[in-house]
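Novice: Please see the structure below; I have some questions.
The values are calculated or read from the model by the stated rules, or taken from the named source; none is laboratory data. Given the structure is predicted, the values throughout are model-derived calculations rather than measurements. Here the Cβ positions follow ideal geometry from the backbone for every residue, glycine too, while neighbour counts run over all protein chains shown. Ligands, DNA and RNA are excluded from the accessible area calculation, which covers all protein heavy atoms including side chains. Shrake-Rupley method; radii C 1.70, N 1.55, O 1.52, S 1.80 Å.
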Amino acid sequence: MSLGIYAEGLVKQFGKTTALRSVDLAVPAGQVVGVLGPNGAGKTTLIRILSTLLPPDAGQAYVCGHDVVADPVLVRRKIGLTGQYASVDADLSGTENLVLVARLRGLSRRQARARAAQLLDRFGLTEVAGRPSRTYSGGTRRRLDLAASLAGHPQVLCLDEPTTGLDPHARREVWREVRELVADGVTVVLTTQYLEEADQLADLITVIDRGRVVADGTAAELKRRVGGHTLQIRPPTPADLDKVAAILGRRTGFSPVEDPATGLLTAPVTDPVLVSAVVRDLDDAGITADELALRLPSLDEVFLALTGQSATAGRPS
């Protein structure tokens, strides 16, 4: 199996603070790895090492087979990088931004103009290409930033929280572009605090906390690792809430949680066989549930179990 990225034993310290503690990472070519962790966990430090912006204090990292310390120039030819904030020049137009980056990546003037036109078309930016990027919406600037990171035809793309601050529609536009890149064979390292984003995009997930890898695997594997299921029931009317809650509590041994906005009752289930017993109890009570589902833990619940905090909480970066 060809690896787009391989890292072993990465350590990075800033004074008395250890940002990375012997971090390992292996990403097959053409796949997405989601790197999750609370603020200050070491995600951005990892991205900076992989993109040759920071040298590790110990350990090794390879991008497309090239050592990030011994062969930084070769690594830079293979990668694209999109940071947490759009880095395009606000006074330049979309076309000018892309031509500038393409020229910096070594393309001739003719090649740079052709590449800019390709990227503008691919990212749906042709209509705004002549306008200064400061006039773009946040989502459009983010797409331009992502397009700029592809000016040099990278084989590996590092995305450091690429959708932070975007509305749901703009976030999904970025997701669509990432999926298309992966379909073209690009390897992606994605740091994010949006658990839904990792669930949607990542083939593999690595969870980092306090500079250490605390878990890795597919989303399904991590959910199974945490264990257990959640039973969800939505009664047909609010009048049935108490009856359904009593049934659910008696069968599961847990007090169900109610979502007032949706009327959904949820409770952890240690034995999936209990679902049939709950259904019988509902039938005996003459209640037909509008919704009844048994699911694995969400990625949010996995993250909370692994790190002890939510994805958006934590220490300042």
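Novice: Which residue, of Arg225, Arg251, Arg141, Arg234, is among the basic types (Lys, Arg), touching a strand residue (DSSP E or B) at 6+ places or on another chain (Cβ under 7 Å) and buried (at least 17 other Cβ atoms within 10 Å of the Cβ)?
Specialist: Values: Arg225 fails: buried (at least 17 other Cβ atoms within 10 Å of the Cβ); Arg251 fails: touching a strand residue (DSSP E or B) at 6+ places or on another chain (Cβ under 7 Å); Arg141 fails: touching a strand residue (DSSP E or B) at 6+ places or on another chain (Cβ under 7 Å).
Being among the basic types (Lys, Arg), touching a strand residue (DSSP E or B) at 6+ places or on another chain (Cβ under 7 Å) and buried (at least 17 other Cβ atoms within 10 Å of the Cβ) holds for just one of Arg225, Arg251, Arg141, Arg234, which is Arg234.
Novice: Something else about it: Here is a check on your reading of the model: is Val182 among the aliphatic types (A, V, I, L, M), modelled with pLDDT of 90 or more and within 20 Å of Val33 (Cα to Cα)? Steps first, please.
Specialist: On the way: among the aliphatic types (A, V, I, L, M): yes; modelled with pLDDT of 90 or more: yes; within 20 Å of Val33 (Cα to Cα): yes.
For Val182, the condition - among the aliphatic types (A, V, I, L, M), modelled with pLDDT of 90 or more and within 20 Å of Val33 (Cα to Cα) - is met.
Novice: Moving to a separate point now. If only one of Thr135, Thr218, Thr191 is polar (S, T, N, Q) and either touching a Ser or Thr at 6+ places or on another chain (Cβ under 6 Å) or in contact (Cβ under 8 Å) with a residue 24 or more places away in the chain (or both), which one is it?
Specialist: Just one listed residue meets the conditions, Thr191.
Novice: While we're here: In the range 1-112, which strands (runs of 3 or more DSSP E) lie fully inside it and hold 2 or more residues that are of a type outside the set (A, V, I, L, M, F, W, C) and in contact (Cβ under 8 Å) with a residue 12 or more places away in the chain? Break it down into steps so the answer makes sense when it comes.
Specialist: Values: elements: 3-14, 17-28, 32-36, 58-63, 79-82.
Hits in the range 1-112: 3-14, 17-28, 58-63, 79-82.
Novice: Would you confirm whether any residue within the range 280-296 is touching a residue at least 60 places away in the same chain (Cβ under 8 Å) and either more than 30 Å from the chain's Cα centre (by Cα) or in a helix (DSSP H, G or I) (or both)? I'd like the intermediate steps shown before the answer.
Specialist: Within the range 280-296, the first condition is being touching a residue at least 60 places away in the same chain (Cβ under 8 Å), and the residues that meet it are 292-296.
Restricting the remaining residues to those that are either more than 30 Å from the chain's Cα centre (by Cα) or in a helix (DSSP H, G or I) (or both) gives none.
Looking for residues that are touching a residue at least 60 places away in the same chain (Cβ under 8 Å) and either more than 30 Å from the chain's Cα centre (by Cα) or in a helix (DSSP H, G or I) (or both), one finds none in the range 280-296, hence no.
Novice: Quick check, is Asp67 charged (D, E, K, R) and at pLDDT 95 or above?
Specialist: yes
Novice: Which of the strands (runs of 3 or more DSSP E) contained wholly in the range 165-256 include at least 2 residues that are within 15 Å of the chain's Cα centre (by Cα)? Spell out how you get there, then give the answer.
Specialist: On the way: elements: 187-191, 204-209, 212-217, 229-234.
Counting at least 2 such residues, we get 187-191, 204-209, 212-217.
Novice: Please state which one of Thr164, Thr187, Thr218, Thr191 is surrounded by fewer than 20 Cβ atoms within 10 Å (Cβ to Cβ) and either under 18 Å from Gly4 (Cβ atoms) or of a type in the set (D, E, K, R) (or both). So that I can check it myself, show each step before the final result.
Specialist: Working: Thr164 fails: either under 18 Å from Gly4 (Cβ atoms) or of a type in the set (D, E, K, R) (or both); Thr187 fails: surrounded by fewer than 20 Cβ atoms within 10 Å (Cβ to Cβ); Thr191 fails: surrounded by fewer than 20 Cβ atoms within 10 Å (Cβ to Cβ).
Criteria check complete, one pass: Thr218.
Novice: Within the range 84-99, does at least one residue satisfy the condition of being modelled with pLDDT of 95 or more, open to solvent by less than 40 Å² (accessible area, probe 1.4 Å) and among the hydroxyl-bearing types (Ser, Thr, Tyr)?
Specialist: Yes: one or more hits.
Novice: Taking Lys43 as the residue in question, decide whether it is of a type in the set (D, E, K, R), open to solvent by less than 40 Å² (accessible area, probe 1.4 Å) and at pLDDT below 95.
Specialist: Details: of a type in the set (D, E, K, R): yes; open to solvent by less than 40 Å² (accessible area, probe 1.4 Å): yes; at pLDDT below 95: yes.
Judged against the criteria, Lys43 is a match.
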